[in-house]
Each structure stands twice: as C-alpha cells, then as structure tokens.
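Contents: one structure, followed by commentary.
The values are calculated or read from the model by the stated rules, or taken from the named source; none is laboratory data. Fair warning: this is a prediction, and the values are worked out from it, not measured in the lab. For neighbour counting, all protein chains shown are included, and Cβ atoms are generated from backbone atoms with ideal geometry for every residue, glycine included. Remember, those area values only see protein heavy atoms, side chains included, never the ligands or the DNA or RNA. Shrake-Rupley method; radii C 1.70, N 1.55, O 1.52, S 1.80 Å.
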Amino acid sequence: MADRVAQLQADGIVKRVIRQVQGPLPEFRDGTKATFHYRTLLSQGEGQDRLLDDSRTHDKPMELIIGKKFKLPVWETVLCTMREGERAEFLCDTKHVLLYPMVSKSLRNIAAGKDPLEGQRHCCGIAQMHEHHSLGYPDLDALQQTPQPLIFDIEMIKVEAPGSYRQDPWAMTDEEKLQAVPLIHEEGNELYRQGKVHEAAAKYYDAIACLKNLQMKEQPGSPDWIELDQKITPLLLNYCQCKLRSQEYYEVLDHCSSILNKYEDNVKAYFKRGKAHAAVWNAAEAQADFAKVLALDPTLEPVVAKELHSLETRLRQKDSEDKVRFRGIFSQ
C-alpha cells in the first residue's frame, strides 16, 4: 500500500486518509464495480465557495466500472487504492482534472434528469474545452477557463467483483443495451404495479437512456433511427404516467409534446398531456387534447367524459373559492 501511495505522489496525487479501514485491498480487476460518494473541492478559495459537487445531494451514489475508460481516469486511479468503508482526500494536479468540468456537467445533467450527453456530440472533450461556449454552470465555466488542482473527498461504499452485479446502462455495450431494454421495461412495469412510482420511473429512464445512446449513433430520420424512436415512445409514455402520479405535470407536458411533434396520432400522448394540462389549470388546452383523443379513438368516450367532468368540477370549485376570496378583498 505504501508503494501505491508513493506512486500517486510521484504522479501528482496526494492521498490523505480520513477514515482508515483494515484488511486486504480489493483486487480491482477490469469489470470491478466501485460505488462511492464524492465531494469535489477547489484547491484554492475559502469556505463553501470551494465546493463544486457533492454526490450526497443526488438520488444515489456514484458508480464506476474499472477498465471502462471513464472520462476522468484519475478517479479510477485513486479508487484502486481504497477499501470498502474507507474515506480519503486526494489532491490532484491540474493535469489530472482538465476534463472535470465536462464530466461534472454530465453528472449534474444525469442528477437533474437531463441528457448526460447534452452539448457533447461530435467532438472530443479536449476539443470542447477550447470552444468558447458556456457549460451552463458558472462555476464549471470558471474552472474550465482557469484550471487548477482539485480535491476529491471520496468515501468507498462498496466494491463488487466482475460478474457479481448487473451493469448500469452507461457501462453496457450496444448489444447488451438492446438485450437489457425489455428486461428493464418489465422491471419498471412490475414496480409500477406495486405502487413504487419513483422506482418505476427510474427503470423507464434507464431503458430510455439505453435506446437514446444507440439512437445518437444513427442518422436522424433513417430507418434504424425511427425503429429505435418507436421503441423509446412507449417507455417515455410510461415514464410520463409515473410523472403524472408524482404530480410533475410540466415534465409530462414537455415529453408528450415532443412525442406529438413526431407522432401526431398518438392517443396516449394526447390523453396524458390533457390530464397534465387539466392539473395545471390549462382548461382550453386540456379540452382540446381530450377532443383529439375522442377523434382518434371514440371508444375512449367514457374515460374522457370522466376526465372532463372532473375538470369542470374543479373549475367550478375554483371559481367559487375565487369569488369568496375577492369578495373578502373588496369588502375591506
């Protein structure tokens, strides 16, 4: 272990153990999965202004597969010096962290439910660093313009040997992604049937991410691109159903509108968008979407009638409450 620490220092990485753990060091063969929490801090500055990222603010810890050529190789280097339960700080020279702004942007996008590859297509990370456009995060823009050494505060949670876990979508080959999508889809369906809406949404999101990754390698509008898009659509509608249950209506509006821009006869997209419009008091838009549902599939008249009745009842109740509220204001 002392040899490893010396090798780190010789390469411009200084390790400081915060919580020591006894026992043998894991083997870290290619394919080993490391699950960990991390905090990234600027080496210069004061107080909270130094903190860039903290994985504990996300839904789950970071996961990295050894040997998968992660965009920030220094993470793999330092993780291979850690035991389960250990916590340590690593001060890394600037040469090791030049790509951190791009990596951080992707991780932040993932945590926010956005496309992790947003703004990163068709050029490598180094090329993007020399482009004069914003990453969308002022602190990352500043770091990209003026690189400096970074400190990674890492807590190793779990180390899993190759073959003992199921790979996350980002770590799969193209063939593995295609094979995994139906399984992930069914897992999402089962979780939804159990009432585990948030967990189901995460599964649908993973399946969509697999297909989106494959789709980005195809020419938009080509037969292969369209075939993948048609596989994405039902998953996205399931995801929207979860978001309806979670009362995240504006996300439903965005996703359903994106579907209808491509497939204007998708009844489910109109119906879910209509429900979302109704929930946020867009009465005219909701009525228009429900009318489109009936035009496309008249057999859904009982379901649509129930939604319209619910909307009208809520509108009357809101109108009555507004009258009482305004009467109180004007009578003062």
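Helix 267-279 versus the longest principal axis of the chain: what angle, 0 to 90°, nearest 10, using Cα atoms?
Tilt relative to the chain: about 90 degrees.
Any chance you could run the full-extension gain for R29 through R16? It's 0.36 nm times the residue separation minus the Cα-Cα distance, nm to one decimal.
Numbers: separation 13, 0.36 × 13 = 4.68 nm, distance 2.40 nm.
My answer for the length gained is 2.3 nm.
Work out the FRET efficiency for K217 and Q148 from their Cβ-Cβ distance, taking R0 = 30 Å, and round it to the nearest 0.05.
Numbers: r = 35 Å, r/R0 = 1.17.
So, using R0 = 30 Å, E works out to roughly 0.30.
Please identify the chymotrypsin sites (Phe, Trp or Tyr not before Pro) of the stretch 186-284 that satisfy two criteria: DSSP loop assignment and at most 10 other Cβ atoms within 10 Å. Which are they? Please report the intermediate quantities before stating the final value.
Details: sites: Y192, Y204, Y205, W225, Y239, Y249, Y250, Y263, Y270, F271, W281; in loops: Y263, W281.
When the chymotrypsin sites (Phe, Trp or Tyr not before Pro) of the stretch 186-284 are filtered for loop state and at most 10 Cβ neighbours within 10 Å, nothing remains.
Would you mind checking the stretch 162-192 for residues with the amide N under 17 Å from a putative spin-label position 7 Å along Cα→C-beta of D224?
173-179, by backbone N distance to the label point.
Be a star and scan the stretch 51-73 for residues whose amide nitrogen sits under 15 Å from the point 7 Å along the Cα-to-Cβ vector of I157.
54-65
Cross-link partners among lysines for K203, C-alpha distance below 17 Å, same-chain residues fewer than 8 apart left out?
Qualifying lysines at Cα under 17 Å: K60, K114, K177, K212, K231, K243.
S43 to A291: extension gain in nm, 0.36 nm per residue of separation minus the Cα-Cα distance?
Numbers: separation 248, 0.36 × 248 = 89.28 nm, distance 5.91 nm.
Extra length from S43 to A291 when fully extended: 83.4 nm.
Please state the Cα pair-distance histogram of the stretch 174-330 with 10 angstrom bins from zero: what percent is in each bin?
11, 31, 31, 17, 6, 3, 0
Return the sequence-ordered ³J(HN,Hα) values of the stretch 89-95 in whole Hz as given by the Karplus equation 6.51 cos²θ - 1.76 cosθ + 1.60 applied to θ = phi - 60°, using x for Gly and Pro.
9, 10, 8, 10, 4, 3, 4
Using the alpha-carbon atoms, what tilt in degrees (0 to 90, nearest 10) does helix 174-193 show relative to the longest principal axis of the chain?
Orientation of helix 174-193: about 50 degrees from the principal axis.
Please give the FRET efficiency for R4 paired with E175, using the beta carbon to beta carbon distance and R0 = 41 Å, rounded to the nearest 0.05. Walk me through the numbers on the way to the answer.
Values: r = 35 Å, r/R0 = 0.86.
Efficiency, rounded to the nearest 0.05: 0.70.
Pop out the carbon and sulfur fraction of the accessible area of the chain as a percent, whole number, probe 1.4 Å.
It is 53 percent, rounded to a whole number.
Quick check for me: using +1 on Lys/Arg Cβ and -1 on Asp/Glu Cβ, what's the dipole size of the stretch 187-332 about its Cα centre, in debye to the nearest 20?
Numbers: 21 positive and 22 negative charges, 122 e Å.
In total the dipole reaches around 580 debye.
Can you give the FRET efficiency for V303 and D141, using 1/(1 + (r/R0)^6), R0 = 56 Å, r = Cβ-Cβ distance, to the nearest 0.05? List each step's numbers first, then the result.
Details: r = 49 Å, r/R0 = 0.87.
Plugging the Cβ-Cβ distance into 1/(1 + (r/R0)^6) gives 0.70.
Dipole magnitude of the chain about its Cα centre, charges +1 at Lys/Arg Cβ and -1 at Asp/Glu Cβ only, in debye to the nearest 20? Spell out each step's value before the answer.
Values: 44 positive and 50 negative charges, 147 e Å.
My answer is approximately 700 debye.
Using only the Cα atoms of the chain, what do you get for the radius of gyration and for Dmax, in Å?
Both quantities, over Cα of the chain: 24.8, 82 Å.
So between S320 and A283, what do we pick up on full extension, going 0.36 nm a residue minus the alpha carbon distance?
On the way: separation 37, 0.36 × 37 = 13.32 nm, distance 1.63 nm.
That pair, S320 and A283, stretches by 11.7 nm at full extension.
Work out from phi, with θ = phi - 60° and the Karplus expression 6.51 cos²θ - 1.76 cosθ + 1.60, the ³J(HN,Hα) of each residue of the stretch 209-220, listed in order in whole Hz, and give x for Gly and Pro.
Coupling constants for the stretch 209-220: 4, 4, 6, 4, 4, 5, 5, 5, 8, 10, 6, x Hz.
Just how far, in whole angstrom, is the stretch 238-298 from the stretch 178-236 if you go by their alpha carbon centroids?
Their Cα centres are 19 Å away from one another.
May I ask you to evaluate 6.51 cos²θ - 1.76 cosθ + 1.60, the Karplus curve with θ = phi - 60°, for each residue of the stretch 238-249 and list the ³J(HN,Hα) values in order in whole Hz, giving x for glycine and proline?
5, 4, 5, 4, 5, 5, 4, 5, 8, 6, 9, 6
Roughly what angle does helix 301-330 make with the longest principal axis of the chain, taking Cα atoms, 0 to 90 degrees, to the nearest 10?
Between helix and principal axis, roughly 90 degrees.
Using only helices, what value at 222 nm comes out for the chain when you add -39,500 (n - 2.57) per DSSP H run of length 4 or more and divide by the total residues, to the nearest 500 deg cm²/dmol? Show your work: numbers first, answer last.
Numbers: 12 runs with 174 residues, N = 332.
Helix contribution divided over all residues of the chain: -17000 deg cm²/dmol.
Once the dipole of the chain is set up with Lys and Arg at +1 and Asp and Glu at -1 on Cβ about the Cα centre, which of L311, A161, A288 lies farthest towards its positive end?
The Cα lying farthest towards the positive end belongs to L311.
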